[in-house]
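Here is the structure we will look at.
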Amino acid sequence: MKFNLKALPLAISVAMLPAYVAAEETSDEKIAKLEQQVQSLQKSQTESLTERFRFNGFISAAYVSSDNSAGYNGATTSADFSEDSKMGFQGTFNISNQTTAVMQLMMRGSNDWEVEAEWAYLAHSFDNGVKIRGGKLRVPLFMYSDYLDVGYAQPFARPPSEVYSQVPFSSYTGGDIAYDYELEDSTLTIQAFGGESDVNDEDEGLDLELSNVMGINASWTDLTWTFRAVYGQTELDGSVGAGTVVVDKETAAFTGLGGSYDDGNWIAVAEWTTVEIDGVLADSESAYLTLGYRINEFTPYATVAYLKTTDEDERSSIPPLAYAFDEERMAYSLGLRWDAIENVAVKFDVTYATDFGDTHGGLSNNNFNPLTGKFMYDDSMVYTVKFDAVF
Amino acid sequence: MKKVLSILALSVCSIMSAQAAVVVIGAPGAADISASDAKKLFLGKGSKSAVVYELNEGNATRSEFHSSVTGKSDSQLKAFWSKQVFTGKGNPPATVSNAAAMKSAVASNPNAIGYIDEADVDASVRVILKP
């Protein structure tokens, strides 16, 4: 009531002097606007170091075990807490509004918690929408490549290894250039990349230098649907099979198509990829489809995946090479993501791999028995419980 | 009995209308925006000059806003931003703790955009979208 009494005379005077007030208001408004602009300019100038620097991290702790020792997804019959457990820290420093330095350090249980820099780059965005980056970057071959280790940002316990283990390296040193086309209700991003990398994996017997890594990808998203196409290639030099097979300047080419859908309730993700390598190393084709449905904090999901080599005929006359490189596998997963508390998701997953044909199925400990003429295992079941957190 | 029922019905109606919706606000001189522009801005896409403000995590108005504008639940939004952050693609918007702080943040910058409960709207800001 008090307010109304006060407002009444004001309202009357406003009504009585419309022209005068309108003029007054616009100049007042202008002054207020200018004041605001000065304020925001001052604010951005005095923006403190803490506002320019961001620190984020993620942790995954996983329990993995299998019904046999075939080595599917790195699992064994005894409970393993290190294979899929990892920790990452990322610092982002905004040098200016357009230039950013990013460093991400990773520690993986499967790599004895050794500290590695997964990302370490400088990025610059030009006014015309072009963004360039240089340093150590992720090879953008898969839909989840950029956040491969951030389990919290993924619907499943792990990206299907049928597709994701076909390329033995996940980062490179070099640069990329990207451009975002802002369409009416969607964004199309074109990215080209180039650089070099290497693979030194004693467990898998890989020792490779990767030169002339290059590729291009295009992705389109309206934030519900996402479609993606990628082509990449590299030159390989070194050896595989713990030095038994020498690789001398062979070219490897990768193609991939991917799509995803997320309307808030339904989730669908699918990827199809091929790898073609000159020489004896295997060419392969793989794909998966994941479907999930959110029920409040629970998201049950199911995945079907396959993997097969596509150049068996090149090795069929040399049995040892065929035993070593031919691969065939189907995998079926059932899982549940539970968004238990803020920033923490718990995932339960059972994955069954089978249909290896006359191959080891890509399982590292599935050895050929010359006496029986068969491989030791013809299937494998892997159980996973995983905690994924971000901070 | 009929009277009682109609009073009941009326009061239910008034309770429903009193439950004000979330509205998107800008500075007093800001122009209207479309729902799809709002979705883009609050997911870090679109105009680079825009200054976006969010209410703190756990705020009911925030959850209501996102369920109607970006279609994301709290945990989906968290997963979305962790994806952006760890790929270096962007950072979540700055947050403010309540409607009053939101209004003063938005009112002081012509490029600012935020959201509040419709009941909290006053002359310091302009409603630029009713989702």
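The values are calculated or read from the model by the stated rules, or taken from the named source; none is laboratory data. What you see is a predicted model; the values in this text were computed from it and never measured. Here the Cβ positions follow ideal geometry from the backbone for every residue, glycine too, while neighbour counts run over all protein chains shown.
A few remarks follow.
- Applying the condition of being facing chain A (nearest Cβ under 7 Å) and not polar (S, T, N, Q) to region B:58-85 and asking which residue is farthest from A:Glu51 (Cα to Cα) yields B:Gly71.
- Lone unmet requirement of (1) charged (D, E, K, R); (2) under 30 Å from A:Ala340 (Cα atoms); (3) within 14 Å of chain A (Cβ to nearest Cβ) for B:Lys48: (2)
- Test: A:Asp207 is over 30 Å from A:Asn365 (Cβ atoms) and crowded, with 16+ Cβ neighbours inside 10 Å: no
- Of the residues making up region A:145-202, just one is of a type in the set (Ser, Thr, Tyr), more than 22 Å from A:Trp220 (Cα to Cα), within 14 Å of chain B (Cβ to nearest Cβ) and part of a loop (DSSP other than H, G, I, E, B), namely A:Ser170.
- Of the residues A:Ser316, A:Ser333, A:Ser364, the single one that is surrounded by 17 or more Cβ atoms within 10 Å (Cβ to Cβ), hydroxyl-bearing (Ser, Thr, Tyr) and out of contact with any His (no Cβ under 6 Å at 6 or more places or on another chain) is A:Ser333.
- In region B:86-107, of all residues being modelled with pLDDT under 90 and either out of contact with any Asp or Glu (no Cβ under 9 Å at 6 or more places or on another chain) or in a helix (DSSP H, G or I) (or both), the one that is farthest from the other protein chains (Cβ to nearest Cβ) corresponds to B:Gly90.
- Qualifying position, being crowded, with 18+ Cβ neighbours inside 10 Å, aliphatic (A, V, I, L, M), in contact (Cβ under 8 Å) with a residue 24 or more places away in the chain and within 30 Å of A:Gly243 (Cβ to Cβ), among A:Ala282, A:Ala305, A:Ala322: A:Ala282
- Enumeration of residues in region A:182-191 that are in contact with a Phe, Trp or Tyr (Cβ under 9 Å, 6 or more places away or on another chain) and either at pLDDT 90 or above or not β-branched (Val, Ile, Thr) (or both): A:Leu183, A:Ser186, A:Leu188, A:Thr189, A:Ile190, A:Gln191
- Residues that are surrounded by fewer than 18 Cβ atoms within 10 Å (Cβ to Cβ) and not hydroxyl-bearing (Ser, Thr, Tyr), drawn from region B:17-43: B:Ala18, B:Gln19, B:Ala20, B:Ala21, B:Pro28, B:Gly29, B:Ala31, B:Asp32, B:Ala35
- A:Met107 vs. criteria of a type outside the set (S, T, N, Q) and either within 14 Å of chain B (Cβ to nearest Cβ) or in a loop (DSSP other than H, G, I, E, B) (or both): no
- Note on region A:247-279: residues that are touching a residue at least 60 places away in the same chain (Cβ under 8 Å) and on the phi > 0 side of the Ramachandran plot amount to 0.
- In region A:285-300, residue surrounded by the fewest Cβ atoms within 10 Å (Cβ to Cβ) [restricted to those that are touching a Ser or Thr at 6+ places or on another chain (Cβ under 6 Å) and farther than 23 Å from A:Phe325 by Cα]: A:Gly292
- Enumeration of residues in region A:110-138 that are part of a loop (DSSP other than H, G, I, E, B) and either surrounded by fewer than 13 Cβ atoms within 10 Å (Cβ to Cβ) or not assigned by TED's automatic domain parsing to the domain that holds A:Ile95 (or both): A:Asp112, A:Glu114, A:Phe126, A:Asp127, A:Asn128, A:Gly129
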